[in-house]
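Chemist: Below you'll find the structure I mean.
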Amino acid sequence: MAWQSPNGVLQAMQSVRRSLLRPSKTSTYPITRTAAVPSLSQQQRTYATEVQDATEVRAAPEIDFSTFHSQPTRIIPRSRSYFSGSPKFIDNILGLERLLAKTSALPTVPASEAPRKAWLKLAQFRDYVGEPVATKKYKNMLKLLQRLNRIDPEVIPAEVTTMLTEFLRPGNPYSFQPAPPTVDEMGRARGRGKRKESSAVATVVEGEGEVMVNGKTLAEAFPRIHDRESASWALRSSSRLDKYNVWATVRGGGTTGQAEAVALAVGRALMVHEPGLKPILRKAGVITVDARRVERKKPGHLKARKMPTWVKR
Amino acid sequence: MVSSFCWSCLTRLPTPRPLLSAPATIPRAASAAASFHTSTARAFPMPTKKSRSLDSGPKYRQAKSARMKKKKPTDKPRPPPIGERKALRKRIVLSNPNALEVEGMQDFDADTMVDSHLHGDVLGLPVTMLDQLRAVQAFKPKQGWSIFRRPGTVVRRETLEMGRLFDRISGDGADKGKVVKKIVTGPKGSGKTVHMLQAMAMAFTKNWVVFSVPDAQELTLAHTGYAPLSDEQPDLYVQKDSTAALLSRTAIANQAVLKDLRVSQNHPALKTPVKEGTTLEDLTKMGIRDPALAWPVFEALWTELSATSPAAGFEKSFKPRPPMLVTVDGLAHWMKNSEYLNMESKPIHAHDLVFVRHFLSLLKSGSQNPTLPNGGLLLYSTSASNKPSLPTFEVALEQLEARQAGVNPSSAEFPQPKAYSNPDPRVLEIANVSKPASAKEGPVEVQTLGGLSREEARGFLEYFARSGLLRERISDEMVSEKWTLAGNGVIGELEKLGKRLRVAAQ
């Protein structure tokens, strides 16, 4: 309470005097208030001493900022990066770096084993902080996040986890894991494959190597022997050609595309029967989808890239 | 009026000298443009300007366009003589001296063709039979006979079944003199033609008479002459040359059988009466010599071969007739309009050609006697590579198969032509076969040839390996791979895979 100090008492006395001169509705209050305060009698002594030597100069007591209840003259920003272009972003980076420095000694796991997280995308992050953020800087921030994410999940501190969740996209897109395909009650496994414009669905059952494509035998469906070899490549490369029967439906594209789409579909269906074949099939090239498609033709070009012959005029 | 001008005097005129002769040398001073430094000009000749045709002013009376160099006419190689290209195209090579001789390969004979131990093996065709088989054109140019040392065929399940059938028809059992009628179908390269070749080889082994139409299309392509059969039947057409060719094939291939058989019937259709004691070979040769007589001779020959007893007066020299094998390849071409035109320039249906009509009538059941009274086998095959689009014929085949499977023709499952598809009633008629009156006659069956089994495929690929064509180990895995690649063991595809040159990766 300000008026317990000598200075405050002085002020109070002044205000009493002023109120006597200009009577108002609330004027009686300080008087009664002063009279009611019991400590006033104890303060008498101080008051008396001050009156005794008023000429003596004393330093003002220290300002107590904790009780400073009016606006200061100069507003001090809470964040030190307030005067930079993107304070919130820099704060985030600083916070992450501080965390990383704190937790750098903790054990990490390889990136492949770290829990998969969907970080905010750049546009989302810009909305989140409401500041312009450069792509490269954001990427650097992502590196920090990924490094923090690699801390062994068993020892990761709670503050890191809470910090990381701030940068996650709402709703975890990686939480949904489709059920692994299984062989159905009839012993069939299905796989789909695509190549160029063709898409194939293959049903693989245990059998003795009969292959039907679109209801036709392999020889009728693919007149070229090379295409037949590619269509049955998944079985051939894993030496399972005489152990499974294949029923494939393939649509679109030409013969080569169709044959290779069938190969992919058969490879995936075969993995349902025997998941252990995956490394062999990957080596055989029937796991990875060839995403290449025909490049579109552009205006002004004769084909996708070809330009008309240069003519002087 | 004779000209008074003396031509001979003109030729004697001396050659005129040119009026303006160019000077031999141009003075150097004139050629130099400016002779300020005469000494250098004299010492070095002025560089001559390259003269271009348009530089020195327009040239009149000369062509200004770019002059094309005339090509000298090169001596073109003369085209090969007429018929040589076709002969080359139709040439059949049955032997390849570079191929290895397969040791221990057995020949096709009466014992081996029914021996089930040989199932899956390749049997060689006897050398003595090759001429007969060539005569009936059992070999086709595009078949791969020329890659092996000698021709051979795989003994597949159908072959063994057919061998047993031949045994039963020729033997003395209950099936003696039976008539079996089959339409052979199957996918491309499944061995339909070779199946017929095996049938012919069996027939020659058993001393049957073989009639063969190696290419049904040739009769409907309008490549041979045709004429109305007679004034009474102007809508029927006879093909003399084709019939003569058929007689010639039959005579050469069956010479051994025909020369022992003698005429036993009266043939009023033949202008000259046939003497008693004439062999059937001689009768056939009459038709070959004179194509105008070919059709009546063929009819006479057919009557003779299907005779079960001699006519009056011919009893002395009568011998029982052997069973017959009739093969037709490419049956579908007989199920549509031919390329021939009638008097009104309308297409003639193939069934209106007597030749075709005769062979198709054999599919129908005989009224009392079987169509082949002495027994025999009809093998008519379709072709998958040379196949006209004939929905009606396909439906007819489906109907035959349904009958064979015991489907009631009045039931809903019985295949019918599509509504509004305008089916050919004459084609549907072949599927509409009444139940044979005679117990000796079987109904028309449809036999579908598929792929080989794995054991047969293995035997076939081993034959390639032993001939030195396939340089791979014949393992189970390899056989099953080829079997799958060949569309479940289609033999034509297996052959392609077997003879493909494979170079091992370095």
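Chemist: Out of everything in region A:228-243 that is more than 10 Å from chain B (Cβ to nearest Cβ) and outside any loop (DSSP other than H, G, I, E, B), what residue ends up being nearest to the chain's Cα centre (by Cα)?
Modeler: Per the criteria, the residue is A:ALA234.
Chemist: Counting only residues that are farther than 20 Å from B:GLY124 by Cβ and either modelled with pLDDT of 95 or more or surrounded by fewer than 21 Cβ atoms within 10 Å (Cβ to Cβ) (or both), how many does region B:143-176 have?
Modeler: Of the residues in that region, 11 qualify.
Chemist: Pairs needed: first member in region A:295-313, among the hydrophobic types (A, V, I, L, M, F, W, C); second member anywhere, assigned to a loop (DSSP other than H, G, I, E, B); C-beta distance under 7 Å; at least 6 residues apart or different chains.
Modeler: A:LEU302/A:PRO308; A:ALA304/A:GLU295; A:ALA304/A:ARG296; A:ALA304/A:LYS297; A:ALA304/A:LYS298; A:MET307/A:HIS301
Chemist: Right, another one. Tell me, please, whether a residue that is touching a Gly at 6+ places or on another chain (Cβ under 8 Å) and in contact (Cβ under 8 Å) with a residue 40 or more places away in the chain can be found in region B:326-340.
Modeler: Checking region B:326-340: at least one residue is touching a Gly at 6+ places or on another chain (Cβ under 8 Å) and in contact (Cβ under 8 Å) with a residue 40 or more places away in the chain.
Chemist: Kindly check whether there is at least one residue in region A:206-227 that is among the hydroxyl-bearing types (Ser, Thr, Tyr) and more than 10 Å from every other protein chain (Cβ to nearest Cβ).
Modeler: No, region A:206-227 contains no residue that is among the hydroxyl-bearing types (Ser, Thr, Tyr) and more than 10 Å from every other protein chain (Cβ to nearest Cβ).
Chemist: Would you call B:SER381 of a type in the set (S, T, N, Q), touching a Gly at 6+ places or on another chain (Cβ under 9 Å) and closer than 30 Å to B:GLN143 by Cα?
Modeler: yes
Chemist: Which condition number in (1) surrounded by fewer than 23 Cβ atoms within 10 Å (Cβ to Cβ); (2) among the hydrophobic types (A, V, I, L, M, F, W, C); (3) in contact with a His (Cβ under 8 Å, 6 or more places away or on another chain); (4) over 27 Å from B:ASP172 (Cβ atoms) is the one that B:LEU341 fails?
Modeler: (3)
Chemist: Looking only at region B:470-490, filter to residues that are part of a helix (DSSP H, G or I) and within 31 Å of the chain's Cα centre (by Cα); which one of those is farthest from the other protein chains (Cβ to nearest Cβ)?
Modeler: Restricting to residues being part of a helix (DSSP H, G or I) and within 31 Å of the chain's Cα centre (by Cα), the top hit is B:LYS482.
Chemist: If you don't mind, another one. Kindly establish whether B:TRP302 is among the aromatic types (Phe, Trp, Tyr) and under 16 Å from B:PHE359 (Cβ atoms).
Modeler: yes
Chemist: Every residue in region B:424-449 that is within 18 Å of B:THR382 (Cβ to Cβ) and either assigned to a loop (DSSP other than H, G, I, E, B) or of a type in the set (D, E, K, R) (or both), please.
Modeler: B:ASP424, B:ARG426, B:GLU429, B:VAL433, B:GLU445, B:LEU449
Chemist: Considering only region A:230-262, state which residues are among the hydrophobic types (A, V, I, L, M, F, W, C) and closer than 17 Å to A:ILE280 by Cβ.
Modeler: Selection gives A:TRP233, A:ALA234, A:LEU235, A:LEU241.
Chemist: If you don't mind, there's one more thing I want to ask. Picking from B:MET162, B:MET196, B:MET200, which residue would you name as being farther than 14 Å from B:GLN137 by Cβ and either in a helix (DSSP H, G or I) or in contact with a helix residue (DSSP H, G or I) (Cβ under 6 Å, 6 or more places away or on another chain) (or both)?
Modeler: It is B:MET162.
Chemist: Give B:ALA457, B:ALA431 a once-over and let me know the one that is among the hydrophobic types (A, V, I, L, M, F, W, C), within 30 Å of A:PHE222 (Cβ to Cβ) and crowded, with 16+ Cβ neighbours inside 10 Å.
Modeler: Matching residue, one of B:ALA457, B:ALA431: B:ALA457.
Chemist: Now for a separate question. A:GLU208: assigned to a loop (DSSP other than H, G, I, E, B), more than 24 Å from A:GLY285 (Cα to Cα) and without any contact (Cβ under 8 Å) to a residue 60 or more places away in the chain, yes or no?
Modeler: So A:GLU208 does not fit the description; no.
Chemist: So A:ALA263 passes all but one of these: (1) more than 22 Å from A:LYS194 (Cβ to Cβ); (2) among the hydrophobic types (A, V, I, L, M, F, W, C); (3) more than 12 Å from chain B (Cβ to nearest Cβ). Which condition number does it fail?
Modeler: (1)
Chemist: Can you confirm whether B:GLY451 is at pLDDT 90 or above and more than 14 Å from chain A (Cβ to nearest Cβ)?
Modeler: Taking the combined requirement at face value, the residue does not satisfy it.
Chemist: Scan (1) away from every other protein chain (no Cβ under 14 Å); (2) crowded, with 17+ Cβ neighbours inside 10 Å; (3) closer than 24 Å to A:SER238 by Cα for the single condition A:TRP119 breaks and write down its number.
Modeler: (3)
Chemist: Would you confirm, using the coordinates I've provided, whether A:ALA219 is surrounded by 14 or more Cβ atoms within 10 Å (Cβ to Cβ), part of a helix (DSSP H, G or I), out of contact with any Leu (no Cβ under 6 Å at 6 or more places or on another chain) and not β-branched (Val, Ile, Thr)?
Modeler: yes
Yes/no per residue for (1) part of a helix (DSSP H, G or I); (2) over 30 Å from A:ALA269 (Cβ atoms); (3) in contact with a Phe, Trp or Tyr (Cβ under 9 Å, 6 or more places away or on another chain); (4) in contact (Cβ under 8 Å) with a residue 60 or more places away in the chain:
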site: A:PRO77; (1), (2), (3), (4): no, yes, yes, no
site: A:GLY85; (1), (2), (3), (4): no, yes, no, no
site: A:ARG98; (1), (2), (3), (4): yes, yes, no, no
site: A:PRO110; (1), (2), (3), (4): no, yes, no, no
site: A:GLN124; (1), (2), (3), (4): yes, yes, no, no
site: A:MET141; (1), (2), (3), (4): yes, yes, yes, no
site: A:GLU159; (1), (2), (3), (4): yes, yes, no, yes
site: A:ASP184; (1), (2), (3), (4): no, no, no, no
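Chemist: Ok, one more. Select, from A:ARG240, A:ARG282, A:ARG251, A:ARG224, the only residue that is out of contact with any Pro (no Cβ under 6 Å at 6 or more places or on another chain), surrounded by 17 or more Cβ atoms within 10 Å (Cβ to Cβ) and of a type in the set (D, E, K, R).
Modeler: A:ARG240
Chemist: Tally time: how many residues in region A:244-260 are away from chain B (no Cβ under 14 Å) and more than 43 Å from the chain's Cα centre (by Cα)?
Modeler: Number of matching residues: 1.
Chemist: While we're here: Is it true that some residue in region B:166-185 is among the hydrophobic types (A, V, I, L, M, F, W, C), in a helix (DSSP H, G or I) and more than 14 Å from chain A (Cβ to nearest Cβ)?
Modeler: yes
Chemist: Another one. Considering only region A:285-313, state which residues are among the hydrophobic types (A, V, I, L, M, F, W, C) and surrounded by fewer than 17 Cβ atoms within 10 Å (Cβ to Cβ).
Modeler: Selection gives A:VAL289, A:ALA291, A:VAL294, A:LEU302, A:ALA304, A:MET307, A:TRP310, A:VAL311.
The values are calculated or read from the model by the stated rules, or taken from the named source; none is laboratory data. Remember, it's a predicted structure, so these values are computed and weren't measured experimentally. A quick note on method: Cβ atoms are made from the backbone with ideal geometry, for glycine too, and the neighbour counts reach across all protein chains shown.
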